[in-house]
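J.: Before anything else, here's the structure in question.
The values are calculated or read from the model by the stated rules, or taken from the named source; none is laboratory data. The structure presented is a predicted model; accordingly, all values stated were derived computationally and were not measured. Note: ideal-geometry Cβ built from the backbone for every residue, glycine included; neighbour counts use all protein chains shown.
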Amino acid sequence: MKILIIDDDIALCALVKRHLEKNGDDCECLYELENVSTRVKEIQPDIILLDIGFEGADGVWSLPTIENAAPFASIIFITSHTESAEMVRALKAGGNYYVKKPLQMDELSAIINSQKRNLIAGNPTLKIGTFEFNRKNQTLSDGKQTLQLTALESRLLNLLAMNRDNAVTRTEIYQHLWRGDDSTAASLNNLVCHIREFFTSKSGVEIETIWGIGYKLTVKE
């Protein structure tokens, strides 16, 4: 997913960005709130990590502007303010979650993953090139025909699509599909081959083998 970090702590932004990109997320950073709506509208993030305290500005006050630019984004406030009143103020303003600094990366990842699940539940249809992938019904449609996927095909396709343009390791796939059982290597190879059959060369969608690592889904616009 696309994640935007808005925080004036440049070192912290770099740390969080590296951590999230290791998980396959597409991350960008903003270090100030000036012209924030323009940048947010350009980036169109799925999730925003928003600091509260900026020099001469306030993240909570800027939230309506940010929400107008990206109305479907999930907002996670990150702040060194520990007072419960600040937490209440942030959540009342429309934040989805509130995380206190210093950030614990495992905790942050767990919260982000929970927000991803919420976003998926709220919007079951995912656009993959010229295809529409309905994750709830486990169908893939190009507007002319609709293909019914198996549960494993749907879970694998969703994992690759959510990490579009980023390699997903075989280990991550084993964990996601079979709880880490790597004895299913042959099953994974067959599964990838079958999913590839859904996408013709004209579709612009490709599941690329990254040798020694795993697989990557790309879309030629």
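J.: With within 15 Å of residue 68 (Cα to Cα), surrounded by fewer than 21 Cβ atoms within 10 Å (Cβ to Cβ) and of a type in the set (Asp, Glu) as the only criterion, which of 42, 21, 28, 32 stands out? Give the derivation first.
T.: Working: 21 fails: within 15 Å of residue 68 (Cα to Cα); 28 fails: within 15 Å of residue 68 (Cα to Cα); 32 fails: within 15 Å of residue 68 (Cα to Cα).
Exactly one of 42, 21, 28, 32 is within 15 Å of residue 68 (Cα to Cα), surrounded by fewer than 21 Cβ atoms within 10 Å (Cβ to Cβ) and of a type in the set (Asp, Glu), namely 42.
J.: So, one more: Right, residue 116: closer than 24 Å to residue 155 by Cβ and among the charged types (D, E, K, R) or not?
T.: yes
J.: If you don't mind, there's one more thing I want to ask. Got at least one residue in the range 82-89 being surrounded by 16 or more Cβ atoms within 10 Å (Cβ to Cβ), at pLDDT 85 or above and within 24 Å of residue 109 (Cβ to Cβ)?
T.: no
J.: Then there's this: Read through the list (1) within 17 Å of the chain's Cα centre (by Cα); (2) more than 17 Å from residue 176 (Cβ to Cβ), then give the number of the only condition that residue 131 fails.
T.: (1)
J.: Check whether at least one residue in the range 185-205 is under 22 Å from the mean Cα position of the chain (by Cα) and either among the basic types (Lys, Arg) or under 30 Å from residue 53 (Cα atoms) (or both), and report yes or no.
T.: no
J.: Would you say residue 171 is at pLDDT 90 or above and farther than 16 Å from residue 219 by Cβ?
T.: No.
J.: Under 9 Å between Cβ atoms, which residue pairs at least 6 apart in sequence (or on different chains) link something in the range 101-119 that is over 22 Å from residue 70 (Cα atoms) with a partner that is of a type in the set (S, T, N, Q) and surrounded by 12 or more Cβ atoms within 10 Å (Cβ to Cβ)?
T.: Final answer for the pair search is 101/79; 101/80; 102/80.
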